[in-house]
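Undergrad: The structure follows.
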Amino acid sequence: MRILQGMIALALCVPLLAREPVRARQAMVVAQEPLATDVGVRILKSGGNAIDAAVSVAFALAVTHPQAGNIGGGGFMLIRMADGRSTFLDFRERAPGKATRTMYQDAKGNVTKASVEGWTSSGVPGTVRGLEYAHSKFGSRKWAELVTPAVELARTGFEVSYGLAESIKGSPKLPLSAESKRIFIGAAPGDTLKQPELAAVLTRIGRDGAKDFYEGETARLLSAAMAANGGLITVDDLKSYAVIERKPLTGTYKGYGILTAPPPSSGGVGLLQMLGMLNGSSYEKAGAGSAESIHFVAETMRRFFADRSKFLGDPDFSKLRLDDLLAPAYVRQRALSIDPSRATSSATLQPGLPEPERGGQTTHFNIVDAAGNAVAVTYTLNDRYGNGITVPGLGFLLNDEMDDFTAKPGSPNAFGLIQGDVNAIEPGKRPLSSMTPTIITRDGQFFMALGAPGGARIITSVLQVFLNVVDFKMNLQDAVDAPRFHHQWQPDVLSLERGISPDTAILLRVRGHKLNDSPGVVPAQVNAIVRDGSWLQGASDDRAGGKAAGY
Ligand code: DON
């Protein structure tokens with residue numbers, strides 16, 4: 001049978017496992033949870049634009065995908081309008097005013113669990129102001145209309161999927177919060193999950209806008225709960241939270257224009273550095289999935305993450321050396337240090353720039369509307385269900401984004417990332433992120449939107465899906481499905497996903513790579529849209545469920 005299938009595949013000249021992406025003529029939504037995708041498509045069909053749909057999808061995910069969809073977290077929205085205007089909305093959480101540099105170290109200087117557990121792990125949430133900002137600048141429908149689908153999903157409930165039930169069962173944090181336990185624990189596949197408290201908050205947000213969350217009833221209840229439980233977020237922290245509009249980072253690769261995430265994300269710098277090292281290297285000649293191409297790309301990852309550990313943080317608190325990090329001569333010099341036949345040891349590889357003279361669950365969705373406006377959003381609670389705490393009476397989960405700061409230089413965070421002084425905790429500062437919402441253009445037109453959840457793996461997964469489309473000419477679904485690999489400098493391990501051939505793994509070991517002991521490590525889950533002539537292709541990542549749909 002296998003042989004026969006193989007012969008047929010050969011005769012048809014298609015790889016055996018090829019899958020078709022979802023195709024649509026006009027508009028497309030790809031999100032990590034099907035009900036939220038459907039909400040987005042409904043908004044688009046009723047005449048809303050991509051930004052309207054993004055607002056609705058984000059609120060819907062806060063109800064149907066509580067692992068990461070949120071109003072108690074933060075994130076980034078990359079927007080490219082059909083007329084070429086683009087912007088990046090930074091609604092990342094901020095450290096509360098009472099935060100201190102060593103707040104996650106005990107008396108002996110050891111890092112504690114308080115950056116991921118309990119009330120002090122939360123940064124000031126940015127999502128609601130972020131969505132309101134996007135809507136006020138680019139939206140076309142009434143705000144209340146866009147919040148209503150989420151209110152309905154929370155009020156009347158929705159059917160718990162197998163995936164959600166399993167994820168709730170597997171969460172170590174939800175049972176620690178009495179309120180989370182009451183709402184989520186025990187939800188079984190097929191049950192209807194109603195969230196009346198969340199519905200009430202969303203109703204107020206629909207009526208009063210973000211003001212409710214930052215200055216109204218919700219702000220009052222949230223800051224009171226914080227005070228009662230030893231948390232740090234105050235009325236003032238909420239009131240003073242502001243969205244920051246930033247210029248997207250831009251670059252090019254083989255004629256494609258790249259718009260991506262600037263700091264406080266490290267993702268865009270990573271993507272552009274790695275593409276810069278790959279450009280002109282001919283790494284792709286060895287073929288997708290070959291030991292030679294994996295080796296070369298992994299070495300670019302190792303080099304970027306070494307730089308990330310030292311040079312990146314919130315640009316509003318330190319002068320970052322972005323021009324130096326992305327200077328073609330520097331990137332070329334880093335690429336030249338790659339030995340095509342031998343892994344560099346991370347112990348000997350240091351962050352690359354010379355000293356200055358003086359001086360981490362998440363979810364991603366994309367929307368393209370019929371006019372060609374494109375939105376890529378990654379937002380998060382950090383860990384799955386954030387810190388697991390549901391604010392009593394408010395029905396939403398709190399983030400544990402403070403873990404993305406450097407709790408102690410040299411100590412890894414939840415994603416194993418070693419981070420530097422530039423990313424130390426300071427009041428009002430935003431923690432360094434790996435979230436990489438990205439939009440690619442070709443000849444000045446929208447070509448691709450992509451991004452992912454998955455901590456440090458986001459950056460390397462976005463890179464690989466892009467390379468699979470552009471360099472290895474895969475259709476979008478195959479590009480997303482193809483097994484991936486990841487290197488982040490420290491630990492000095494090349495993680496190979498199940499599906500990369502054992503023979504390839506042997507060849508990588510021969511080159512000196514230390515491989516992960518248990519293949520099957522799940523990489524970040526990429527959701528993407530590509531323009532293919534007059535069609536749009538949409539692909540959600542089956543590693544995380546999700547749905548692409550369009551019309
Ligand atoms: O901003 C970041 O880089 C992390 N807080 C993202 C966390 C994440 O992707 C977890 N998802 N699986």
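Undergrad: Out of region 202-245, which residues are in contact with a strand residue (DSSP E or B) (Cβ under 7 Å, 6 or more places away or on another chain) and either over 21 Å from A58 (Cα atoms) or not aliphatic (A, V, I, L, M) (or both)?
TA: Step one: filter region 202-245 for residues in contact with a strand residue (DSSP E or B) (Cβ under 7 Å, 6 or more places away or on another chain), giving 233, 237-238, 241, 243-245.
Listed by number, the residues that qualify are I233, D237, Y241, E245.
Undergrad: Among the residues of region 422-449, write down those that are among the basic types (K, R) and part of a strand (DSSP E or B). Let's see the steps before the verdict.
TA: Kept after step one, since they are among the basic types (K, R), are these residues of region 422-449: 429-430, 442.
Hit for region 422-449 is R442, nothing else.
Undergrad: In region 166-186, what residues are of a type in the set (V, I, T) and either crowded, with 16+ Cβ neighbours inside 10 Å or in contact with a strand residue (DSSP E or B) (Cβ under 8 Å, 6 or more places away or on another chain) (or both)?
TA: Matches in region 166-186: I168, I183.
Undergrad: Return a yes/no flag: does region 480-489 have any residue that is part of a strand (DSSP E or B), away from the ligand (no atom under 16 Å from the Cβ) and farther than 23 Å from G289 by Cα. Break it down into steps so the answer makes sense when it comes.
TA: Quick first cut of region 480-489, residues part of a strand (DSSP E or B) only: 485-486.
Still in the running and away from the ligand (no atom under 16 Å from the Cβ): 485.
Next, from what is left, pick out any that are farther than 23 Å from G289 by Cα: none.
The answer is no, given that none of the residues of region 480-489 is part of a strand (DSSP E or B), away from the ligand (no atom under 16 Å from the Cβ) and farther than 23 Å from G289 by Cα.
Undergrad: Before we move on, is V377 within 19 Å of the chain's Cα centre (by Cα), away from the ligand (no atom under 16 Å from the Cβ) and more than 13 Å from S122 (Cβ to Cβ)?
TA: no
Undergrad: Could we say that A219 is assigned by TED's automatic domain parsing to the domain that holds L176, surrounded by fewer than 20 Cβ atoms within 10 Å (Cβ to Cβ) and among the aliphatic types (A, V, I, L, M) here? Don't jump to the end; show me each part of the working.
TA: Working: assigned by TED's automatic domain parsing to the domain that holds L176: yes; surrounded by fewer than 20 Cβ atoms within 10 Å (Cβ to Cβ): no; among the aliphatic types (A, V, I, L, M): yes.
So A219 fails the test.
Undergrad: Looking for whichever is assigned to a helix (DSSP H, G or I) and at pLDDT 95 or above here; the options are R141, R155. Which one fits?
TA: Criteria check complete, one pass: R155.
Undergrad: What are the pairs, 6+ residues apart or on separate chains, where a residue within region 66-81 that is more than 13 Å from M435 (Cα to Cα) and more than 9 Å from the ligand (Cβ to nearest atom) has its Cβ under 8 Å from a residue that is aromatic (F, W, Y) and assigned to a strand (DSSP E or B)?
TA: Note: pairs meeting the criteria are G69/Y379; N70/Y379; I79/F88; R80/F446.
Undergrad: Residues to consider are A335, A298, A329, A306; find the one that is surrounded by 16 or more Cβ atoms within 10 Å (Cβ to Cβ) and out of contact with any Ser or Thr (no Cβ under 8 Å at 6 or more places or on another chain). Reasoning before the result, please.
TA: Values: A335 fails: out of contact with any Ser or Thr (no Cβ under 8 Å at 6 or more places or on another chain); A329 fails: surrounded by 16 or more Cβ atoms within 10 Å (Cβ to Cβ); A306 fails: out of contact with any Ser or Thr (no Cβ under 8 Å at 6 or more places or on another chain).
After ruling out the rest, the residue left standing is A298.
Undergrad: When residues of region 82-128 are filtered for being small (G, A, S), farther than 20 Å from T436 by Cα and crowded, with 19+ Cβ neighbours inside 10 Å, how many remain?
TA: Total meeting the criteria: 7.
Undergrad: Residues of region 523-544 being touching a helix residue (DSSP H, G or I) at 6+ places or on another chain (Cβ under 6 Å) and within 13 Å of the ligand (Cβ to nearest atom), which ones?
TA: Passing the criteria: P523, A524, V526, D541.
Undergrad: Quick check on G512: is it outside any strand (DSSP E or B) and either touching a helix residue (DSSP H, G or I) at 6+ places or on another chain (Cβ under 8 Å) or closer than 30 Å to Q105 by Cα (or both)? Explain how you work it out, then say what you get.
TA: Working: outside any strand (DSSP E or B): yes; either touching a helix residue (DSSP H, G or I) at 6+ places or on another chain (Cβ under 8 Å) or closer than 30 Å to Q105 by Cα (or both): no.
The answer is no for G512.
Undergrad: Report the residue count in region 345-362 for those that are out of contact with any helix residue (DSSP H, G or I) (no Cβ under 6 Å at 6 or more places or on another chain) and either at pLDDT 95 or above or within 16 Å of the ligand (Cβ to nearest atom) (or both).
TA: Selection size over region 345-362: 2.
Undergrad: Starting from residues that are away from the ligand (no atom under 12 Å from the Cβ) and of a type in the set (A, V, I, L, M, F, W, C), keep the ones in region 254-271 and report whichever is surrounded by the fewest Cβ atoms within 10 Å (Cβ to Cβ).
TA: This residue is I258.
Undergrad: Further question on the same structure: Within region 187-196, which residues are of a type outside the set (K, R), under 18 Å from G393 (Cβ atoms) and surrounded by fewer than 18 Cβ atoms within 10 Å (Cβ to Cβ)?
TA: P196
Undergrad: Out of (1) surrounded by fewer than 24 Cβ atoms within 10 Å (Cβ to Cβ); (2) within 16 Å of the ligand (Cβ to nearest atom); (3) basic (K, R), the odd one out for R442 is which?
TA: Condition (2) is where R442 drops out.
Undergrad: Under 6 Å by Cβ, and 6 or more places apart or on different chains, what pairs join a residue from region 327-338 that is closer than 14 Å to E299 by Cβ with one that is not charged (D, E, K, R) and not in a helix (DSSP H, G or I)?
TA: Filtered contacts from region 327-338: R334/G352.
Undergrad: Which members of region 395-421 meet the condition of being more than 13 Å from the ligand (Cβ to nearest atom), at pLDDT below 95 and assigned to a loop (DSSP other than H, G, I, E, B)?
TA: Once the filter is applied, which keeps residues that are more than 13 Å from the ligand (Cβ to nearest atom), at pLDDT below 95 and assigned to a loop (DSSP other than H, G, I, E, B), region 395-421 yields A407, K408, P409, G410, S411, P412, I418, G420.
Undergrad: Just need a number here: residues in region 82-121 that are within 16 Å of the ligand (Cβ to nearest atom) and assigned to a loop (DSSP other than H, G, I, E, B).
TA: The number of residues fulfilling the criteria is 6.
Undergrad: If you go through region 380-392 one residue at a time, how many are touching a helix residue (DSSP H, G or I) at 6+ places or on another chain (Cβ under 6 Å) and either under 29 Å from R42 (Cα atoms) or away from the ligand (no atom under 16 Å from the Cβ) (or both)? Spell out how you get there, then give the answer.
TA: If we filter region 380-392 for residues that are touching a helix residue (DSSP H, G or I) at 6+ places or on another chain (Cβ under 6 Å), which is where we start, we get 382, 385, 387-388, 390-392.
From what is left, the residues that are either under 29 Å from R42 (Cα atoms) or away from the ligand (no atom under 16 Å from the Cβ) (or both) are 382, 385, 390-392.
Total meeting the criteria: 5.
Undergrad: Considering only region 452-469, I want to know if a residue exists there that is of a type in the set (D, E, K, R), away from the ligand (no atom under 16 Å from the Cβ) and closer than 26 Å to A548 by Cβ.
TA: Step one: list which residues in region 452-469 are of a type in the set (D, E, K, R), which gives 457.
If we keep only those that are away from the ligand (no atom under 16 Å from the Cβ) too, we end up with none.
So far as region 452-469 goes, no, none of its residues is of a type in the set (D, E, K, R), away from the ligand (no atom under 16 Å from the Cβ) and closer than 26 Å to A548 by Cβ.
Undergrad: Given the criteria surrounded by fewer than 18 Cβ atoms within 10 Å (Cβ to Cβ), hydrophobic (A, V, I, L, M, F, W, C) and out of contact with any Lys or Arg (no Cβ under 6 Å at 6 or more places or on another chain), does A227 qualify? Walk me through it before giving the result.
TA: Numbers: surrounded by fewer than 18 Cβ atoms within 10 Å (Cβ to Cβ): yes; hydrophobic (A, V, I, L, M, F, W, C): yes; out of contact with any Lys or Arg (no Cβ under 6 Å at 6 or more places or on another chain): yes.
So A227 fits the description; yes.
Undergrad: Next up: Quickly run through region 195-231 and pick out the residues that are assigned to a helix (DSSP H, G or I) and of a type in the set (G, A, S).
TA: Of all residues in region 195-231, those assigned to a helix (DSSP H, G or I) come to 196-208, 210-215, 217-228.
Hits for region 195-231 are A199, A200, G206, A210, A219, S223, A224, A225, A227, A228.
Undergrad: Same structure again: Just to be sure before I move on: is G388 surrounded by fewer than 24 Cβ atoms within 10 Å (Cβ to Cβ) and in contact with an Asp or Glu (Cβ under 8 Å, 6 or more places away or on another chain) in the structure I sent? Walk me through how you get there before you give the answer.
TA: Values: surrounded by fewer than 24 Cβ atoms within 10 Å (Cβ to Cβ): no; in contact with an Asp or Glu (Cβ under 8 Å, 6 or more places away or on another chain): yes.
Considered against the rule, which asks whether it is surrounded by fewer than 24 Cβ atoms within 10 Å (Cβ to Cβ) and in contact with an Asp or Glu (Cβ under 8 Å, 6 or more places away or on another chain), G388 comes out as no.
Undergrad: Only one of (1) within 22 Å of S122 (Cβ to Cβ); (2) surrounded by fewer than 18 Cβ atoms within 10 Å (Cβ to Cβ); (3) within 16 Å of the ligand (Cβ to nearest atom) fails for P315. Which number is that?
TA: So the condition that P315 fails would be (1).
The values are calculated or read from the model by the stated rules, or taken from the named source; none is laboratory data. Given the structure is predicted, the values throughout are model-derived calculations rather than measurements. Don't worry about glycine lacking a Cβ; one is built from the backbone with ideal geometry, like all the others, and counts go over all protein chains shown.
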